[in-house]
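Enquirer: Here it is, the structure, as structure tokens.
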Amino acid sequence: MQQILDDIRCPHCRRLLARGQALEMEFKCPRCGTFFVLRATRPSSEPHDGHSETGCSQ
């Protein structure tokens, strides 16, 4: 099974910079010099601490 990766492109000149998925990344486009921060648009199914809400006793 092949995973579909997202294209990460410069918002100014549309040059392809990377493929994949990330929570947060900083880029500087080598073509036009635009600096931008990319943040995830889809929340992860796992909580930030890595534990699921069920099965975790305190």
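The values are calculated or read from the model by the stated rules, or taken from the named source; none is laboratory data. Bear in mind the structure is a predicted one, so any value in this text is a computation, not a measurement. Here the Cβ positions follow ideal geometry from the backbone for every residue, glycine too, while neighbour counts run over all protein chains shown.
Enquirer: Enumerate the pairs (first residue in segment 1-28 and β-branched (Val, Ile, Thr); second residue anywhere and outside any loop (DSSP other than H, G, I, E, B) and surrounded by 12 or more Cβ atoms within 10 Å (Cβ to Cβ)) with beta-carbon separation below 7 Å, excluding pairs fewer than 6 apart on the same chain, so at least 6 apart or on different chains.
Expert: Ile8/Leu17; Ile8/Ala18; Ile8/Leu38
Enquirer: Which residues, counting only those in segment 20-42, are basic (Lys, Arg) and modelled with pLDDT under 90?
Expert: Those that are basic (Lys, Arg) and modelled with pLDDT under 90: Arg39, Arg42.
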